[in-house]
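A.B. asks: Before anything else, here's the structure in question.
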Amino acid sequence: MEVTDIGNKEDGKVWHRKPTLGKSMLVKVVRTAQQAKTVRFLHVAFDATGDSFLAGDHHGNIYVFDISRNRFRLVQKTGQACTALAFSLRRTTEFLVALADHTIKCFDKDTKQLVSWMRGHEGSVSSISVHSSGRYAISTSSDTAQLWDLDTFQRKRKLNIRQSVGIQRVFFLPLSNTILSCFSDDSIFAWESDTLFCKYQLPVPDCGPKISYKAFAVTRDGKSLAAGGRSNLLHLWCLDSKQLIRVIQMPTQVRTVRQLEFLPDSFDGGASQTLGVLSQDGVMRFINIHTCKQLFHMGSQDDAITTVAVSPNGRHVVAIMDNGSINVYSAQSLTQELNKPPPSQVAVVSGGEADQKMSNLKVKVRSEVVQRPAKTSGRRTLRPPAGSTAEDKENELPAGLNKKRLVALLKAFGEYPAKYRMFVWRSLLCLPENHAAYSSLTDKGLHPAYVTLHDKYPIKSHKLQRGLQRVLSALAHWAAIFGEVEYLPLVTFPFVKLFQNNPMLCFEVVATVIVNWCQHWFEYFPNPPLNILSMAENVLAHHDKELLQHLVDCGITSQLYVWPLLETLFSEVLTRDEWLRLFDSIFSNHPSFLLMTCVAYITCCREPLLLCSQKQDFEYFFHHRNNLDVGSMIKEAYRLMSNTPADIHPRTMLSDFTPLTKGQYPVFNHYPEFIVEYQSREREKIRLQEMEYLRERQEVSALRADFVRRQAEEEAYHAQQELLQKAEEQRRNILAQEEEKLTQQRAKLAAMKRELKVKELQLLDATRRRFLKHQQDLRATQIRGLDQEISRKMDLQERERAAAVQDLEVRQMELETQRRQLEQHMLKEQERMGRKVEEEVEMRMRRAEREEESFAELLHSTETNMQALEESLAGACQLGLDSDWQREVAERLQQVDAEQERKRERLAKLHRQTLAEEERVADTMREVAGRKWDEVMSARAQLQEQRQPLPSADTVPDGQRQTGIRSPCWTRELPHRPSASTSAPVRARPHSATSPKRAGSNMVCLNSSSPSESTSTNFSLDRGRAQLDSSERELLKEIRELRRKLAGRAREGSSASSQSVHTLSSVSQ
């Protein structure tokens, strides 16, 4: 046993010396880290081919071991221990790893890159099952199972369960879309993977102890399910019938089943019959589920196994041991050791090297074990080989071999060494190697009987196909019957596959087999050899009457249970290694051993055959691979050879082994020549007739084709002539009609031209009109757009003007308020002055008489003083108002100047127009002011004229009283005269015209004390004041309109607005 320590290597060889054949354990792999500390492997998983497997240790390292190439390499370092491994079946380079953090990662083993990271489990993932298509995968933990889509790596479905019922395992069934879920209460459900519809539930056995399933295994065809748990019982279910078909009880050493694995076989069609059972003692026992026999085991209590993985092709078994190492086993070697016969119990004393090698075997000699039974019923004792010189000479073989020693070696080891098997066979069969004779046969070429061999027996390998045709043709040229035997390719094919590189040896081996082991096979040709089948049936009747009676009751003859084995030489029911082991024994014994082998095969399969009752079952059984121990079958054949009575023994009816002659091959005529010749003649006759028939058929076909061609040509000629005549007449008629139509069409064409010309003109006119309309519409659209733009701008200007007017009105209201306050102040001052004047009048009235001479002077001085006082007061108030207004206007103009600096150039023209308008307004106001001053002066002149006659009436006592009363009225009117001169700034304020009215009303009140004397004077004064008020109102209205227009322009330019304000203020002053 070779031990490989991979250590910290990232790649290398799995083994350094090629394992020897027949060795069950190929290699033991360990990993030792620093300080000689062993790193334990935890999980393994095979790929779809079975040639390589994954292995993960508890450090998080993932290795790929390729057994076929003898290489390993490190493909990933996850950093944490893995809990499950699986290969992705669709993309062969990708694999899935379940880690200790409850996540699943997908890696690529070639690029070593992370492909995807799947999260969703809350517990440790115990297993990963991949669908046979490779698209879906199921991960299972103790609380849930999740279905993943491996194309998108997204979770598709999730299985949630109650906390009281845990999940044991959820996995896909092979070759189907069924998901099998197994729970802690031993319930098993089957679901459809696409719709997740529950298909069925396996019934839980009511009787018997509860097993508590822990381990499950399914055959490759998905038809059988094995389940085990906390018991030594195994339940075997048939998933087709959904029934429990068998309960298998393991040995008493098994108390708990940890793992179950079926061991596949290439010839079982997926219905595996070998089941591996790993128990709590670390031993994995392989049993036959039909015979319930233990075949072999792996591991021991000292070297216990923790987990096992079986390759899909059934060639290798990988086991992780209790010490953390990996053991790689060869399944074929395990079965070979099982099938190996026990050591020979006969000791042969010899002085050769072979005897020295055999001297190490410890054997017990028993007298009842005899290889060649005598014809009498007594026992024969072995004689010393030294005394049997003739027998030694008989046993001598070419190349210095001895047949007796070879047989002893065969009995000791069960088979010949594979390395020397072909050499031993050549010696046993005494092949003559007639090159010239074989060349003469092959020079005849391919036999007609095997020209179409590939149609009946298609073989993938063209080399193998040609080799089989070459050997069969040589046999057919050697003996005519071999061109007629239908089963000869089945007999020849195994030897062609073994000797495909040496066709001459293959031919001679097949010829030797036919001459010796196929004796009397062709006597009943073309029927099966009934005499040979009767021999096998007699031997079976002697050794197992019950089985023969069962076959007879089922209507099964020897042509169904013996002839299929003979015509294929067991190649259909045995594997390559088993077939080689069997023919090691057949070539080493009498030709009758082949018949005994057939009977031994039937008796070894006694139990399954007793269960069969249908003919189809028997046909399937003898044409397919069965789980049979070849070693036991060979031992049974030896037993039959020794225990069969001589009267029914095939040895008595079959000749001993006769090798082929040297130089030329012997004549083979052990067959009904007349039948073969008759068949050959008939076949040749049929072939000739067929060739003649084919020739005549070909000639007839050619004549018929020629006749049909000529007839078709003649018919075509006549039809063509008729068609030409008809066509000529038709064309003449058509020509006349066409000429008439042409004339009509010309007339119509002229009319159409005129119509088209008119329509063209109409269309041109309509087009022109449409174009003009379009142009009009376009112009109208543009005009509407301009109108809208003008309207929008006008609306904008109106809004701006309205805002400016509102601002001016607000300012005007403020000025009006200030004016009213000034008027109230002036009224109060006037009242105060009136009181003073009244007091002075009273005082003057008391002194009237004494100072009549100085009255006029005093009155004139008083009037002058009052006028100067009123003018100074009004000027001071007006200057204060103007200074406040100008200050506010200057502040606003500064703001407007900052905002409208960009528009100054645009407003230059408007400024000039505004100046012209303002000059006109100023001229108008000056003219109005001049007229008012003229009116005022005329009124004052009239008042002076009216006052002149008053002093002459001093004789009248009441005259002084009236004059004294009138003088206060004058004095009260004096303060209002300057208001006419200051009306210009008052007119700048829209509502300042109310003050003259109020003054007038006051004057009326003052004059009301003496209405009789001053009626004419008051009338003329009031009439002039009314005219002044009306003209002033019209002027103020015009000024208001002009200011409204100028207000919007004043917001667009500070210079124009400032100049307009200064002009207005100068005019008002």
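The values are calculated or read from the model by the stated rules, or taken from the named source; none is laboratory data. For clarity, every value in this text was computed on a predicted model and none was experimentally measured. Cβ placement follows ideal geometry from the backbone for every residue including glycine, while neighbour counts extend to all protein chains displayed. For the accessible areas, the whole protein counts, side chains as well, though only heavy atoms, and no ligand, DNA or RNA atoms are used. Shrake-Rupley method; radii C 1.70, N 1.55, O 1.52, S 1.80 Å.
A.B. asks: Whole-Hz Karplus ³J(HN,Hα) for region 430-436, in order, using 6.51 cos²θ - 1.76 cosθ + 1.60 and θ = phi - 60°, x for Gly and Pro?
C.D. replies: 6, 5, x, 6, 7, 5, 5
A.B. asks: Could you pull the Cα extents of region 449-574 along its three principal axes, largest to smallest, in whole Å?
C.D. replies: Principal-axis extents of region 449-574 (Cα, largest first): 47, 28, 23 Å.
A.B. asks: From the protein chains alone at 1.4 Å, what is the descending order of accessible area for D882, D577, largest first?
C.D. replies: The ranking, largest first, comes out as D577, D882.
A.B. asks: Quick one: what are the phi-derived ³J(HN,Hα) couplings along region 529-546, Karplus 6.51/-1.76/1.60 with θ = phi - 60°, whole Hz, x for glycine and proline?
C.D. replies: These are the phi-based 3J(HN,Hα) values: x, 5, 5, 5, 5, 5, 4, 5, 5, 5, 5, 5, 5, 6, 9, 8, 5, 4 Hz.
A.B. asks: If you don't mind, another one. Normalised by the number of residues in region 145-188, what is the relative contact order in percent for Cα pairs under 8 Å and 6+ residues apart? Don't jump to the answer; show the numbers that get you there.
C.D. replies: Numbers: 52 pairs, mean separation 11.9, N = 44.
Value for region 145-188: 27 percent.
A.B. asks: Across the Cα atoms of region 781-894, what radius of gyration and what greatest pairwise Cα-Cα distance (Dmax) are found, in Å?
C.D. replies: 26.9, 95
A.B. asks: Right, here's the next one. What distance in nm separates the simple spin-label points at D617 and L703, each placed 7 Å from Cα in the Cβ direction?
C.D. replies: It works out to 6.2 nm between the two label points.
A.B. asks: Largest first, please: the extent of the C-alpha atoms of region 135-208 along each principal axis, to the nearest Å.
C.D. replies: Reported extents, whole Å, longest axis first: 46, 28, 17.
A.B. asks: Not counting ligands, DNA or RNA, and with a 1.4 Å probe, what is W191's accessible surface area in Å² rounded to the nearest 10?
C.D. replies: Looks like 60 Å² after rounding.
A.B. asks: Okay, next question. Let me cross-check E917: its accessible surface, 1.4 Å probe, with only protein heavy atoms counted, in Å² to the nearest 10?
C.D. replies: 80 Å²
A.B. asks: Round to a whole number: what % of the accessible area of region 463-529 belongs to carbon and sulfur, probe 1.4 Å?
C.D. replies: Of all accessible area on region 463-529, carbon and sulfur atoms account for 49 percent.
A.B. asks: A further question follows. Once each part is reduced to its C-alpha centroid, what is the distance from region 172-240 to region 90-109 in angstrom?
C.D. replies: If we compute the Cα centre of each part, the gap is 26 Å.
A.B. asks: Another question, if that's okay. Return the long-range amide H neighbours of C554 (sequence gap of 5 or more, or a different chain), with a cut-off of under 5 Å between placed amide H atoms.
C.D. replies: none
A.B. asks: Sticking with this one: How long is the gain from L858 to R230 if the chain were fully straight, where each residue apart is worth 0.36 nm and the alpha carbon distance is subtracted?
C.D. replies: Values: separation 628, 0.36 × 628 = 226.08 nm, distance 15.04 nm.
Between L858 and R230, full extension yields an extra 211.0 nm.
A.B. asks: Between Q737 and V165, with labels modelled 7 Å along Cα→Cβ, what's the label distance in nm to one decimal, could you check?
C.D. replies: The answer from the label model is 8.9 nm.
A.B. asks: Dividing the Cα radius of gyration by the Kirkwood radius, what Rg/Rh value follows for region 136-287?
C.D. replies: Rounded to two decimals, Rg over Rh is 0.97.
A.B. asks: Could you work out the equivalent-ellipsoid semi-axes for region 434-513, taking the square root of 5 times each eigenvalue of the Cα gyration tensor, largest first, in whole Å?
C.D. replies: Ellipsoid semi-axes (Å, largest first): 17, 15, 12.
A.B. asks: Quick check: with the 1.4 Å probe, what order do Y457, Y420, Y665 take by accessible area, largest first?
C.D. replies: The ranking, largest first, comes out as Y420, Y457, Y665.
A.B. asks: In whole angstrom, and with the biggest value first, how far do the Cα coordinates of region 246-306 range along each principal axis?
C.D. replies: Principal extents (Cα only, largest first): 36, 22, 17 Å.
A.B. asks: Pop a pseudo-label 7 angstrom from the Cα along the beta-carbon direction at both R746 and K13 and give the gap in nm to one decimal.
C.D. replies: Reported label-point gap for R746 and K13 is 10.8 nm.
A.B. asks: Name the long-range amide H neighbours of Q76: under 5 Å, sequence gap of 5 or more, or other chain; modelled H, no Pro or chain starts.
C.D. replies: Those qualifying (amide H under 5 Å, at least 5 residues apart or on another chain) are I62.
A.B. asks: Counting pairwise Cα distances across region 196-285, what percent come out greater than 19 angstrom? List each step's numbers first, then the result.
C.D. replies: On the way: 1630 of 4005 pairs.
The answer is 41 percent, as a whole percent.
A.B. asks: Give the calculated FRET efficiency between H462 and R576 to the nearest 0.05, with a Förster radius of 25 Å applied to their Cβ-Cβ distance.
C.D. replies: 0.75
A.B. asks: Now, a different point. Taking 45 Å as R0, compute the FRET efficiency from the Cβ-Cβ separation of S133 and E690 and round it to 0.05.
C.D. replies: Numbers: r = 50 Å, r/R0 = 1.10.
Efficiency, rounded to the nearest 0.05: 0.35.
A.B. asks: What is the extension gain from Y420 to T817, computed as 0.36 nm multiplied by their sequence separation minus the C-alpha to C-alpha distance, in nm to one decimal? Numbers along the way, then the final one.
C.D. replies: Numbers: separation 397, 0.36 × 397 = 142.92 nm, distance 14.06 nm.
Full extension from Y420 to T817 adds 128.9 nm.
A.B. asks: Which of rounded, prolate, oblate describes region 512-579, given a ≥ b ≥ c as roots of the alpha-carbon gyration tensor eigenvalues and a/c under 1.5 marking rounded, otherwise prolate only if a/b is larger than b/c? Please list the in-between numbers first.
C.D. replies: On the way: a/c = 1.93, a/b = 1.29, b/c = 1.50.
Oblate shape, in that a/c is at least 1.5 and b/c is the bigger or equal ratio.
A.B. asks: Using 1/(1 + (r/R0)^6) with R0 = 30 angstrom and r between the beta carbons of R754 and Q730, what's the FRET efficiency to the nearest 0.05?
C.D. replies: Plugging the Cβ-Cβ distance into 1/(1 + (r/R0)^6) gives 0.30.
A.B. asks: At a 1.4 Å probe radius, carbon and sulfur cover how many percent of the accessible area of region 1-64?
C.D. replies: Working: 1620 of 3310 Å².
Answer for region 1-64: carbon and sulfur cover 49 percent of the accessible area.
A.B. asks: A further question follows. For a quick protection proxy, order the peptides 120-128, 920-928 by their average other-Cβ count within 10 Å, most packed first.
C.D. replies: 120-128, 920-928
A.B. asks: Given 0.36 nm per residue, what is the gain on full extension from L796 to E891 after removing their alpha carbon distance, in nm?
C.D. replies: 31.7 nm
A.B. asks: Please label the shape of region 525-676 as rounded, prolate or oblate, based on the square roots a ≥ b ≥ c of the eigenvalues of the alpha-carbon gyration tensor (a/c under 1.5 means rounded; beyond that, a/b larger than b/c means prolate, else oblate).
C.D. replies: Judged from the Cα gyration tensor, region 525-676 comes out prolate (a/c at least 1.5, a/b above b/c).
A.B. asks: Follow-up question, since we're still on this one. Mind running the shape call on region 122-176? Use the C-alpha gyration tensor, a ≥ b ≥ c as the square roots of the eigenvalues: rounded below 1.5 for a/c, prolate if a/b tops b/c, oblate otherwise. Present the calculation step by step, with values, prior to reporting the outcome.
C.D. replies: Numbers: a/c = 2.32, a/b = 1.62, b/c = 1.43.
Prolate is the answer for region 122-176, as a/c is 1.5 or above and a/b outweighs b/c.
A.B. asks: Per residue, how large is the accessible surface of region 500-655? Use a 1.4 angstrom probe and give square angstrom.
C.D. replies: Computed with neighbouring chains in place, this is 35 Å² per residue.
A.B. asks: Once amide H atoms are placed 1.01 Å from N in the peptide plane, what residues at a sequence separation of 5 or more from A86, or on another chain, have their amide H within under 5 Å of its amide H?
C.D. replies: Here L96 satisfy the definition.
A.B. asks: Counting only the heavy atoms of the protein chains, how much of Y601 is accessible to a 1.4 Å probe, in Å² to the nearest 10?
C.D. replies: That residue has around 0 Å² of solvent-accessible surface.
A.B. asks: While we're looking at this one, here's another question. Just the accessible area per residue of region 790-843, please: how many Å² with a 1.4 Å probe? Intermediate results must be reported in sequence, preceding the final value.
C.D. replies: Numbers: 3800 Å² over 54 residues.
Each residue of region 790-843 exposes 70 Å² on average to a 1.4 Å probe.
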